[in-house]
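Working notes for the structure below.
The values are calculated or read from the model by the stated rules, or taken from the named source; none is laboratory data. Nothing here was measured: the structure is a model prediction, and the numbers come from that model. Reconstructed Cβ throughout: ideal geometry from the backbone, glycine too, with neighbour counts over all protein chains shown. For the accessible areas, the whole protein counts, side chains as well, though only heavy atoms, and no ligand, DNA or RNA atoms are used. Shrake-Rupley method; radii C 1.70, N 1.55, O 1.52, S 1.80 Å.
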Amino acid sequence: MEDNRRLPLVYVRGFAGGTRGIDKAVDDPFYGFNEGSTHVRVGAHNQPLFHQFESPLLRLLREEGYELLVKGSQEAYLAGHSEIPANSVWIHRFYDRSASTWGGSPQDYRLENAAVDLLDLIDRLREKTGAPAVLLVAHSMGGLICRCLLQKVLPDRGREAAGCVAKFFTYGTPHGGIVFDIGGGWLERMRDAFGIQGADIFGPRRMYEYLTPQADLDPDGPPDGWDARVMPQGAGALPVEQVFCLVGTNPTDYDVALGLSSAAVGPHSDGLVQIERAYVPGAHRAYVHRSHSGRYGMVNSEEGYQNLRRFLFGDTRVEASLVGHRLSTDDDLVWQAETRLSVRGLPVPMHERFAAHWSPIQLDPPPDGQEASVPLATTFLNSGLRAAEGEPMRFTLDLRLISLREEGGILNLFDHLEQSADFADTLVIDVGTPEADPDVQGIRAAWNSEIEGAIRAHRAAATPRADEDPAPGRWVAHIPLPAVATPLVGPHARIRLVATPWA
């Protein structure tokens, strides 16, 4: 099992715009990965409070033992050493050749060239570190550069993406492009026709060009139904389960262009990327109430870093789903679930999906003859981060079920209680890995409504839930919803928890 702490980590930044933006971007030695923050929005009244987050770069150095290797530049260090440590962080400075501040004639920026240069960096890192692959971490457009590498550059060269990249984490990447709530499609057509400051890379035709291998490329453009978000799977492809997409749900704090961007993209976004376009289908994802960038941005946030750290270096994956529920079949009722996932010892939630954030989970009826099953959240845990040895890893999952009555698409306010849940409770979950002390291995879970006193004082049950999967290294348990929920969801509704090793 590969220790990801010994794999080089490569950071790929987002879109800078035209020459002026590029010139500003290249002035930062680490392309923004070193930027921290002091603001966090917490509390019932959404008031900002002080919270000092050093930066993803410093936290990786301090907490995961990574090194930052520079001698005049990272490029000079790499060129001057035949061997370098694998646990090192590298910045893909693809914009440098397009900046006007170095003198000479800057080259026009082209995303495919940035992807080719990324492969060159990865190959040199693998050669000089002896590492089998690298970890890719990307913000915004940087994720599209990485996908161009994985889906086009490597296949065109007859190479396997899975042989170069171990895991791929994106912050706010427009995997499905960028579209606007206003303009009736004209803004997108103008952007794609004129390529204003190179922004046509977020339109379907250019995305199809740089996300499709040459052998499969149709000169007439993307076929009907082509979805830019999809990462094709097959021999040599990076499995989507090795991909994590952090999705932002806060457009109001994205103040680029004096707020015009967030106004144009719409409220169901992070201010630049719409929620439904910010992930790869089948990949792991978490929703955080953060904006695309800025004071309350994802990259310089505690939420972003904690998801990044646990996905890259955790040892246990836990998937939670609502199964076996039977909701009213009244055609006028719309059912939604809201969730929040918090890990013990962290100052922020790891995942939030709320209607107020334009990201509730829709509870649609299952196909005939099938049991209802809806994914609620996936989290990654690290047994090395427990407060004490001999303790399980604890997290909580808040669950709210809400019914809305609509008639002809209009909300019926006759008996409506805004944001009031028909069911609300918190599941307290303790997980011990198979390698852990026998006293803590397995899954233990209890509803907060059944716990006396504060959750922090709750001690996990002595006996874990029965393991319903005989496969080694995999623990499956079903936790029935509290009895008070039976009239709402039926007697067979339960939370399905699946814990598996993660590396």
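Averaged per residue, what accessible surface does the range 271-330 expose to a 1.4 Å probe, in Å²?
Numbers: 1570 Å² over 60 residues.
The answer is 26 Å² per residue.
Using a probe of 1.4 angstrom, how much of the accessible area of the range 1-156 is carbon and sulfur, in percent?
Details: 3360 of 7000 Å².
Carbon with sulfur: 48 percent of the solvent-accessible area.
Restricting to bridges with both residues inside the chain, how much of the DSSP beta-bridge set is antiparallel, in percent to the nearest 5? The partial results should precede the final answer.
Values: 62 of 87 bridges.
In the chain, approximately 70 percent of DSSP beta bridges are antiparallel ones.
Just tell me which lysines come within less than 18 Å, Cα to Cα, of LYS128; anything on the same chain fewer than 8 places away is out.
LYS71
Tally Lys and Arg at +1 and Asp and Glu at -1 over the other residues with C-beta under 12 Å from the C-beta of VAL243: what net charge comes out? Mind dumping the intermediate values first?
Details: positive: ARG147, LYS167, ARG229, ARG285; negative: GLU241.
For residues surrounding VAL243, the net value is +3.
What is the projected area of the convex hull of the Cα atoms of the range 168-311, averaged over all directions, in nm²?
Details: hull surface 37.7 nm².
Quarter of the Cα hull surface area: 9.4 nm².
Let a ≥ b ≥ c be the square roots of the eigenvalues of the Cα gyration tensor of the range 319-359; is it rounded (a/c under 1.5), or, if not, prolate (a/b larger than b/c) or oblate? List each step's numbers first, then the result.
Values: a/c = 4.95, a/b = 1.92, b/c = 2.57.
Oblate.
What is the distance in Å between the Cα centres of the range 68-105 and the range 124-142?
After rounding, the separation between the Cα centres reads 13 Å.
Could you state the accessible area per residue of the range 18-91 in Å², with a 1.4 Å probe and every protein chain left in place? Let's see the in-between values first.
Values: 4010 Å² over 74 residues.
Value returned for the range 18-91: 54 Å² of accessible area per residue.
For LEU217 and ASP27 in one chain, what is 0.36 nm times their gap in residues minus the Cα-Cα distance, to one decimal in nm? Working shown, then result.
Working: separation 190, 0.36 × 190 = 68.40 nm, distance 3.69 nm.
So the extension gain works out to 64.7 nm.
Please list, or write none, the lysines whose alpha carbon is within less than 20 Å of the alpha carbon of LYS152, excluding same-chain residues fewer than 8 places away.
Here the lysines satisfying the reach criterion relative to LYS152 are LYS167.
Farthest toward the dipole's positive end in the chain, which of LEU121, THR170, VAL343, given Cβ charges of +1 (Lys, Arg) and -1 (Asp, Glu) about the Cα centre?
Result: LEU121, furthest along the dipole toward the positive end.
Which order do the peptides 394-405, 206-217, 46-57 come out in when sorted by mean C-beta neighbours inside 10 angstrom, highest first? Walk me through the numbers on the way to the answer.
Numbers: 394-405: 19.8, 206-217: 16.5, 46-57: 14.6.
Those peptides, ordered most packed to least, come out 394-405, 206-217, 46-57.
Can you grab the distance from the C-alpha centre of the range 1-39 to the C-alpha centre of the range 151-186, Å, no decimals?
Taking the Cα centre of the range 151-186 as reference, the centre of the range 1-39 is 17 Å away.
Give me the three principal axis extents of the range 93-149 from the C-alpha atoms, as integers in angstrom, largest value leading.
Principal extents (largest minus smallest coordinate, Cα): 37, 24, 16 Å.
First select every other residue whose beta carbon is under 11 angstrom from the beta carbon of ARG456; then total the charges, Lys and Arg +1, Asp and Glu -1. Write down the numbers at each step before the final one.
Details: positive: ARG344, ARG394, ARG459; negative: none.
Summing Lys/Arg as +1 and Asp/Glu as -1 gives +3.
Relative to a virtual label point 7 Å from the Cα of ASP415 in the Cα→beta-carbon direction, which members of the range 468-503 show backbone nitrogen distances below 19 Å?
Counting only backbone N, you get 485-490.
Could you give the length gained by full extension between ARG326 and LEU49, i.e. 0.36 nm per residue of separation minus their alpha carbon distance, to one decimal place? Kindly include the intermediate steps, with their values, before the conclusion.
Values: separation 277, 0.36 × 277 = 99.72 nm, distance 4.17 nm.
Between ARG326 and LEU49, full extension yields 95.6 nm more.
Where nothing but the Cβ of Lys and Arg (+1) and of Asp and Glu (-1) is charged, how large is the charge dipole of the range 288-391 around its Cα centre, in debye to the nearest 20? Before the final figure, lay out each step's value.
Numbers: 10 positive and 14 negative charges, 137 e Å.
For this selection, approximately 660 debye.
Taking every pair of alpha-carbon atoms in the range 1-153, what share in percent sits in each 5 Å bin, from 0 to the bin with the longest distance?
2, 9, 16, 19, 19, 15, 10, 6, 3, 1, 0, 0
So what is the accessible area of the range 151-243 per residue, in Å², with the probe set to 1.4 Å?
Working: 4480 Å² over 93 residues.
Using a 1.4 Å probe on heavy atoms only, each residue of the range 151-243 averages 48 Å².
Can you give the FRET efficiency to the nearest 0.05 for ALA387 and VAL256, using r as the Cβ-Cβ distance and R₀ = 41 Å? The partial results should precede the final answer.
Values: r = 40 Å, r/R0 = 0.97.
Between ALA387 and VAL256 the formula returns 0.55.
Assuming a viscosity of 1.002 mPa s and a temperature of 20 °C, what translational diffusion coefficient in µm² per second does Stokes-Einstein assign to the chain, Rh being the Kirkwood radius over Cα pairs? Display every interim value, and only then the final one.
Numbers: Rh = 24.3 Å.
So the translational diffusion coefficient is about 88 µm²/s.
At 7 Å along the Cα-to-beta-carbon direction for both ARG6 and LEU333, put a label point, then send me their distance in nm to one decimal.
Distance between label points: 5.6 nm.
DSSP loop GluC sites (Glu not before Pro) in the range 443-491 with at most 16 other Cβ atoms within 10 Å of their Cβ, which ones? Display every interim value, and only then the final one.
On the way: sites: GLU450, GLU452, GLU468; in loops: GLU452, GLU468.
Filter output for the range 443-491: GLU452, GLU468.
Compute the distance from the alpha-carbon center of the range 225-278 to that of the range 330-399, in whole Å.
Computed from Cα coordinates, the inter-centre distance equals 20 Å.
Place the peptides 28-38, 176-186, 70-80 in order of packing, highest mean first, counting for every residue the other Cβ atoms within 10 Å and averaging per peptide.
Packing order, densest peptide first, comes out as 28-38, 176-186, 70-80.
Before rounding to the nearest 500, sum -39500 (n - 2.57) across all DSSP H runs of length at least 4 in the chain and divide by the residue total; then give [θ] at 222 nm in deg cm²/dmol. Intermediate results must be reported in sequence, preceding the final value.
Working: 10 runs with 89 residues, N = 503.
The per-residue figure over the chain is -5000 deg cm²/dmol.
How big, on average over all directions, is the shadow cast by the Cα convex hull of the range 136-220, in nm²? Let's see the in-between values first.
Values: hull surface 25.5 nm².
Average projection, Cα convex hull of the range 136-220: 6.4 nm².
Give me the percent relative contact order of the range 60-140, please, defined on Cα pairs under 8 angstrom at least 6 residues apart.
On the way: 55 pairs, mean separation 20.2, N = 81.
In percent, rounded to a whole number, it is 25.
Hey, with R₀ at 56 Å, roughly what FRET efficiency would MET190 and GLU83 work out to, going by the Cβ-Cβ distance, to 0.05? Walk me through the numbers on the way to the answer.
Working: r = 51 Å, r/R0 = 0.91.
So, using R0 = 56 Å, E works out to roughly 0.65.
Between ILE451 and LEU346, what is the FRET efficiency for a Förster distance of 25 Å, r being their Cβ-Cβ separation, to the nearest 0.05? Please list the in-between numbers first.
Details: r = 20 Å, r/R0 = 0.80.
Approximately 0.80, to the nearest 0.05.
With the full set of protein chains in place, find how many percent of the accessible area of the range 338-413 is carbon and sulfur; take the probe as 1.4 Å. Before the final figure, lay out each step's value.
Details: 1870 of 3740 Å².
Here carbon and sulfur together make up 50 percent of the probe-accessible area.
Nothing charged except the Cβ atoms of Lys and Arg (+1) and of Asp and Glu (-1): what's the magnitude of the dipole of the chain about its Cα centre? Round to the nearest 20 debye.
On the way: 47 positive and 66 negative charges, 248 e Å.
The calculation lands at about 1200 debye.
Please list, in order, the residues from the range 291-334 whose amide nitrogen is less than 12 Å from a point placed 7 Å along the Cα→Cβ vector of VAL42.
302-303
Would you mind estimating how fast the range 108-182 diffuses translationally, via Stokes-Einstein at 25 °C and 0.890 mPa s with the Kirkwood radius over Cα pairs, in µm²/s?
188 µm²/s
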